[in-house]
Amino acid sequence: MTKPHEHDDRAPAARWHSLWLLTVGPTIWALHFLIAYCTAAVWCAKVVGRDGSLDGLRSIIGILTLVALAGIVLTGWFGYRQHSFGDDSSTHSEASSGDRHRFLGFSTLLLCGLSFVATAYVALSVVFIGTCQ
Amino acid sequence: MTRLLQLRAMWRSSRPAILLFPLLSGCNGPQSALQPAGIEAERVAALFWWMTGGGILIWLVVMGLFIYATHIRRHKEHSVRRTRWLILGGGIIFPTVVLAALLVYGLILMAQLRDFSGTTLKIAVSGEQWWWRVRYAREDGSMVELANEIRLPVGERVAFELSSPDVIHAFWIPSLGGKVDMIPGRTTQMILEPTKPGTYLGACAEYCGSAHALMKFDVVVMEKAAFAEWLERQAAPAKPPQDATAQQGLQAFLANGCGACHSVRGTEARGQVGPDLTHAGSRLSLGAGTLPTNAETFSRWIGHTDQLKPDVRMPAFGMLPADQLAAMARYLSELE
Ligand SMILES: [Cu+2]
């Protein structure tokens, strides 16, 4: 028997059961990759040619990356707030809706961490590779 | 007695190598990325050793911690704060930093390997089921075509233009550098700069059909003067037949329609479907690394092509009289 958590008497809001926030970080990562890849492909095939330089593309991907990282940080912050729901000693591993809520928040935060690193790694390629070659 | 002494000296000079022999014998020879003979291959090998070293280090640390936690500190309590830092540091920060460093290393390496400036020689190679068409661009703008053999001057940066008329192949000389795909409808490029004269092996590194495993080529890295002389010889037309048998061989070659697919420069044979045979006798191998080159193997190749190479794109001419086969083989093997 698990002890019902003290916050369980509060009516759980509908959004507590939503998994959507969890997917936002990885989705931004995927979109960033896709847009960066396609932009670079078009840049090299149509704009500067196969011997061309990536200079102009770098700023485009730089801005794209900043937007993506900001989105991931924001989502991570929402996740962190959701994780901090309740008082200091709140758990997130019991079978109660409050714990599930916190657990999903924590998972969101972790996935945002992963997406942040991955997005930064993708952007590194245009920092170190200078030409379409 | 001297033999025994020799053996002892050999043992002394190469003891570690002999002890590791069963492990490493597969890594030696003319087709090994671990015995680099070119700048690109050295870079790739360095990356390999760094990765291997890093992998071993991580394995040792993880196993060390495992033994520490399960055997050495088994009965003592672990501080929650310290374990949390261990997880955060060892599980998140450490791998992120290490992977970032490896990624940066790899990206810088890639940029170096794809720097096409400062090349002095251009070679176009086309991967075709299941052989290699090789074209050298000469300084006067002319082209020299040969097949299944690439010779390179030592110490020069050579640009390769890779293409394919049929399916995807991949061009790989492990001793000299990494591999690059040959894609129909596109030209891909690579740079090789050999540093050690020698004979190496190249292979197709992308499955391309039934005879994929018999799609190899020889690579000879030569001193510059010898290379220039060799290219000069390859550019020259074929040597005329030297005696009556060879003369009969040339006749049979032309009469049996070989010239529809093959060129022998200086004769009427101007086919473009198969390998240029102008200097076929000078090559190190026959049928893209399938056989050595001598009169006997030429005759086997012409008579039993399909048995030597499955689905080969050349009909076997086993129905021809033996003397014609022998004469053609004689003629071709003398085309040096
Ligand atoms: Cu192949």
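Tell me, please, whether a residue that is of a type in the set (A, V, I, L, M, F, W, C), assigned to a helix (DSSP H, G or I) and open to solvent by less than 80 Å² (accessible area, probe 1.4 Å) can be found in the range B:264-280. Checked the range B:264-280: at least one residue is of a type in the set (A, V, I, L, M, F, W, C), assigned to a helix (DSSP H, G or I) and open to solvent by less than 80 Å² (accessible area, probe 1.4 Å). B:I108: at pLDDT 95 or above and either more than 16 Å from the ligand (Cβ to nearest atom) or of a type in the set (S, T, N, Q) (or both), yes or no? So B:I108 fails the test. A single member of A:T119, A:T91, A:T65, A:T131 is within 21 Å of A:F33 (Cβ to Cβ), among the hydroxyl-bearing types (S, T, Y), open to solvent by 30 Å² or more (accessible area, probe 1.4 Å) and in contact (Cβ under 8 Å) with a residue 40 or more places away in the chain, and it is A:T131. Do any residues in the range B:201-220 that are within 24 Å of B:V154 (Cα to Cα) have Cβ atoms under 6 Å from those of residues that are open to solvent by less than 20 Å² (accessible area, probe 1.4 Å) and near the ligand (Cβ under 6 Å from one of its atoms), where the two are at least six apart or on different chains, and which pairs are they? Close Cβ pairs (under 6 Å, with a partner that is open to solvent by less than 20 Å² (accessible area, probe 1.4 Å) and near the ligand (Cβ under 6 Å from one of its atoms)) amount to B:C204/B:H169; B:C204/B:M215. Under the condition of being open to solvent by 10 Å² or more (accessible area, probe 1.4 Å) and within 16 Å of the ligand (Cβ to nearest atom), which residue from the range B:183-203 is farthest from B:P275 (Cα to Cα)? Checked the range B:183-203; the qualifying residue farthest from B:P275 (Cα to Cα) is B:T188. A count restricted to the range A:94-116 and to residues that are under 16 Å from A:A30 (Cα atoms) and either crowded, with 20+ Cβ neighbours inside 10 Å or of a type in the set (D, E, K, R) (or both) stands at 5.
When each of B:K239, B:K196 is tested for being in a loop (DSSP other than H, G, I, E, B) and farther than 26 Å from B:L162 by Cα, the lone residue that passes is B:K239.
The residues of the range B:203-240 that are charged (D, E, K, R) and touching a His at 6+ places or on another chain (Cβ under 6 Å) amount to a single one, B:E206.
Of the residues that make up the range A:45-59, is at least one surrounded by 16 or more Cβ atoms within 10 Å (Cβ to Cβ), within 14 Å of chain B (Cβ to nearest Cβ) and out of contact with any helix residue (DSSP H, G or I) (no Cβ under 7 Å at 6 or more places or on another chain)? No: the range A:45-59 contains no residue that is surrounded by 16 or more Cβ atoms within 10 Å (Cβ to Cβ), within 14 Å of chain B (Cβ to nearest Cβ) and out of contact with any helix residue (DSSP H, G or I) (no Cβ under 7 Å at 6 or more places or on another chain). Going by the conditions given, is B:P240 within 23 Å of the chain's Cα centre (by Cα), away from the ligand (no atom under 16 Å from the Cβ) and open to solvent by 40 Å² or more (accessible area, probe 1.4 Å)? Judged against the criteria, B:P240 is not a match.
Here A:W77 fulfils each of the conditions (1) in a helix (DSSP H, G or I); (2) open to solvent by 60 Å² or more (accessible area, probe 1.4 Å); (3) within 14 Å of chain B (Cβ to nearest Cβ) apart from (3).
When B:G91, B:G118, B:G106 are checked against the criterion of being over 30 Å from B:P184 (Cβ atoms), within 14 Å of chain A (Cβ to nearest Cβ) and out of contact with any Phe, Trp or Tyr (no Cβ under 6 Å at 6 or more places or on another chain), B:G91 stands alone in meeting it.
When B:A46 is tested against (1) loosely packed, with under 11 Cβ neighbours inside 10 Å; (2) under 36 Å from the mean Cα position of the chain (by Cα), only condition (1) is not met.
Within the range B:160-176, being part of a strand (DSSP E or B) and either within 16 Å of the ligand (Cβ to nearest atom) or touching a helix residue (DSSP H, G or I) at 6+ places or on another chain (Cβ under 7 Å) (or both) holds for B:L162, B:S163, B:S164, B:H169, B:A170, B:F171, B:W172.
Out of all the residues in the range B:144-159, is one or more over 27 Å from A:L54 (Cα atoms), modelled with pLDDT of 90 or more, part of a loop (DSSP other than H, G, I, E, B) and aliphatic (A, V, I, L, M)? Within the range B:144-159, one or more residues are over 27 Å from A:L54 (Cα atoms), modelled with pLDDT of 90 or more, part of a loop (DSSP other than H, G, I, E, B) and aliphatic (A, V, I, L, M). Taking (1) more than 24 Å from B:Q189 (Cα to Cα); (2) modelled with pLDDT of 95 or more in turn, A:A14 satisfies each apart from (2). Residues that are within 22 Å of B:S163 (Cβ to Cβ) and of a type in the set (F, W, Y) were ranked within the range B:204-227; the one that is nearest to the ligand (Cβ to nearest atom) is B:Y207.
Just one of the listed residues (B:V125, B:V144) is away from the ligand (no atom under 16 Å from the Cβ), away from chain A (no Cβ under 14 Å) and either β-branched (V, I, T) or surrounded by 17 or more Cβ atoms within 10 Å (Cβ to Cβ) (or both), and it is B:V144.
The values are calculated or read from the model by the stated rules, or taken from the named source; none is laboratory data. Note that the coordinates shown come from a computational prediction; the quantities given were computed from them, not determined experimentally. Ideal geometry is used to build each Cβ from the backbone, glycine not excepted, and the neighbour counts take in all protein chains shown. What goes into the accessible areas is simple: the full protein's heavy atoms, side chains included, and nothing from ligands, DNA or RNA. Shrake-Rupley method; radii C 1.70, N 1.55, O 1.52, S 1.80 Å.
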